[in-house]
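Just so it is clear, none of the values below were taken in a lab; they were calculated from the coordinates. As the structure is a computational prediction, the values presented were derived from the model and not from experiment. Positions of Cβ are generated from backbone atoms using ideal geometry, with glycine treated the same way; all protein chains shown enter the neighbour counts.
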Amino acid sequence: MNLAHRTENGIDIVKLPRQLGMADAADARAALKDIINGGGGRMIIDLSDTEIVDSSGLAVLVGSLQAARKKDGDLYLTGMGNTVRALFELTRLHTVFQIFDDESAALRAWAEA
């Protein structure tokens with residue numbers, strides 16, 4: 001899986017594709033793990049294009065959060081649409097992740113951290 005990735009002020013910013021499901025989970029997990037291991041553990045994942053997330057996709061995001069925190073970092077989520085946000089609320093993962101409306105808000109939070 002080829003994820004859109006860039007780094008800004010030491011923070012890895014990754015834009016996920018339209019779908020994060022079982023068919024994409026292994027590739028997404030490997031790509032995010034490589035980015036986290038190659039960086040400082042500070043990451044923003046942009047979900048603005050992501051419309052479909054299943055349980056495998058949630059597992060990828062939780063695993064990435066754990067990997068970032070092992071490096072004394074964190075993983076912030078941005079740009080959630082209503083459907084994806086509803087899934088996070090249903091699974092109570094909105095209490096685990098820091099979720100921001102947009103990338104600039106997440107970058108400001110990193111600057112204040």
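Structure notes:
- Screening GLY81 with (1) out of contact with any strand residue (DSSP E or B) (no Cβ under 8 Å at 6 or more places or on another chain); (2) buried (at least 18 other Cβ atoms within 10 Å of the Cβ) gives one miss only, at (2).
To keep it simple, each residue is scored yes or no on (1) surrounded by 13 or more Cβ atoms within 10 Å (Cβ to Cβ); (2) closer than 20 Å to ILE35 by Cα; (3) charged (D, E, K, R); (4) touching a residue at least 24 places away in the same chain (Cβ under 8 Å).
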residue	(1), (2), (3), (4)
LEU65	yes, yes, no, yes
ASP72	no, yes, yes, yes
SER104	no, no, no, no
ALA109	yes, no, no, yes
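- Residues in the stretch 20-56 that are under 10 Å from the mean Cα position of the chain (by Cα) and not in a loop (DSSP other than H, G, I, E, B) were compared, and the one that is surrounded by the fewest Cβ atoms within 10 Å (Cβ to Cβ) is ASP46.
- Scan of the stretch 1-19 for residues that are within 11 Å of the chain's Cα centre (by Cα) and either buried (at least 19 other Cβ atoms within 10 Å of the Cβ) or more than 24 Å from LYS71 (Cα to Cα) (or both), ordered by number: ASP12, ILE13, VAL14, LEU16
- Filtered by the rule that a residue be on the phi < 0 side of the Ramachandran plot and part of a loop (DSSP other than H, G, I, E, B), the stretch 79-107 gives MET80, GLY81, THR91, VAL96, PHE97, ASP101, ASP102.
- Condition check for THR95: surrounded by fewer than 14 Cβ atoms within 10 Å (Cβ to Cβ), in contact (Cβ under 8 Å) with a residue 24 or more places away in the chain, farther than 19 Å from ILE13 by Cα and of a type outside the set (A, V, I, L, M): no
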